[in-house]
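Worksheet: the structure to be examined is printed underneath.
The values are calculated or read from the model by the stated rules, or taken from the named source; none is laboratory data. Everything quoted here is computed from the prediction, not taken from an experiment. Neighbour counts run over all protein chains shown; Cβ positions are idealised from the backbone, glycine included.
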Amino acid sequence: MTITLPQLIAAGITPTVARAFLPHLVEAFARYDISTPRRMAAFIGQCSHESSGFTRLEENLYYTDPARVAAMFSALREIETAKRYLRNPKALATVAYANRNGNGPADTGDGWTYRGRGLIQLTGRGNYRKAAAATGLPCEDRPDIVAEPAAAAITSGWYWHTNGLNAAADAWKLDAVTRGINGKAMSHHADRVERSNRALDALTS
């Protein structure tokens with residue numbers, strides 16, 4: 001099965017964005033066996049949530065609430081420390097992601113360089129390196145490409161396949177799919193389910 005432009009639009013992706021992503025989704029789906037209505041719908045629903053309808057391909061690290069920063073990042077649990085990184089995405093990422101996911105210490109700047117990008121936010125130098133090795137894309141050397149439609153689709157398809165999410169989608173276990181992407185947090189699960197069900201309707205009607 002190949003997804004069509006009208007189906008992608010009916011799934012909730014605006015026409016302009018759908019046209020930009022369609023060929024790259026078709027390639028990613030073929031490459032990673034996202035080949036049934038359920039698999040495609042669950043992928044589209046989750047990615048649509050993660051990226052605000054395929055329009056936000058880079059992590060938003062602009063925070064104004066220190067309590068939110070403290071809750072989100074273990075390295076910034078102290079409120080007074082968190083306050084120092086409000087309204088400063090680069091500084092926040094540099095500190096919050098230091099020595100995590102293959103990143104070096106803060107002075108390397110890896111936390112900012114390898115911040116979340118793509119439809120399913122690829123984060124950390126180690127993950128960019130793994131994605132590069134698996135996809136053949138220069139993700140580690142040119143991390144900004146992950147915020148472009150082609151690499152965003154391919155790297156997200158790789159993540160999906162690597163984490164066994166086709167099987168969860170086959171059983172329509174959307175809670176398992178959400179955990180595979182969002183971990184134990186299960187944030188905004190209801191929206192992910194709604195978007196996935198809408199995509200499934202678009203693909204099967």
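With the condition kept exactly as written, say whether any residue in region 118-131 is surrounded by fewer than 17 Cβ atoms within 10 Å (Cβ to Cβ), among the aliphatic types (A, V, I, L, M) and not in a loop (DSSP other than H, G, I, E, B). Steps first, please.
Here is the first cut: in region 118-131, the residues surrounded by fewer than 17 Cβ atoms within 10 Å (Cβ to Cβ) are 126, 129.
Okay, now just the ones that are also among the aliphatic types (A, V, I, L, M), so none.
No, that holds for no residue.
What single numbered condition from (1) outside any helix (DSSP H, G or I); (2) under 19 Å from Y128 (Cβ atoms) fails to hold for R87?
Here R87 clears every test but (2).
To keep it simple, each residue is scored yes or no on (1) out of contact with any strand residue (DSSP E or B) (no Cβ under 7 Å at 6 or more places or on another chain); (2) of a type outside the set (V, I, T); (3) not assigned by TED's automatic domain parsing to the domain that holds L200.
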residue: P89; (1), (2), (3): yes, yes, yes
residue: T94; (1), (2), (3): yes, no, yes
residue: R100; (1), (2), (3): yes, yes, yes
residue: P105; (1), (2), (3): yes, yes, yes
residue: E140; (1), (2), (3): yes, yes, yes
residue: W158; (1), (2), (3): yes, yes, no
residue: L165; (1), (2), (3): yes, yes, no
residue: A168; (1), (2), (3): yes, yes, no
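Condition first: closer than 19 Å to I120 by Cβ and assigned to a helix (DSSP H, G or I). Can you find one or more residues in region 55-70 that meet it? Steps first, answer last, please.
First, the residues of region 55-70 that are closer than 19 Å to I120 by Cβ: 55-61.
The next check asks that each one be assigned to a helix (DSSP H, G or I); those that pass are none.
No, region 55-70 contains no residue that is closer than 19 Å to I120 by Cβ and assigned to a helix (DSSP H, G or I).
Is it the case, given these coordinates, that N103 is surrounded by fewer than 21 Cβ atoms within 10 Å (Cβ to Cβ), of a type outside the set (S, T, Y) and part of a loop (DSSP other than H, G, I, E, B)?
no
Sort out which residues of region 106-117 are farther than 20 Å from T178 by Cβ, in a loop (DSSP other than H, G, I, E, B) and among the small types (G, A, S), and write them in order of number.
G109
Does S48 fit the bill of being touching a helix residue (DSSP H, G or I) at 6+ places or on another chain (Cβ under 7 Å) and not aliphatic (A, V, I, L, M)? Spell out the reasoning first.
Details: touching a helix residue (DSSP H, G or I) at 6+ places or on another chain (Cβ under 7 Å): yes; not aliphatic (A, V, I, L, M): yes.
The answer is yes for S48.
Scan region 153-176 for residues that are buried (at least 19 other Cβ atoms within 10 Å of the Cβ) and either over 14 Å from Y32 (Cβ atoms) or out of contact with any Leu (no Cβ under 6 Å at 6 or more places or on another chain) (or both) and report the count.
10
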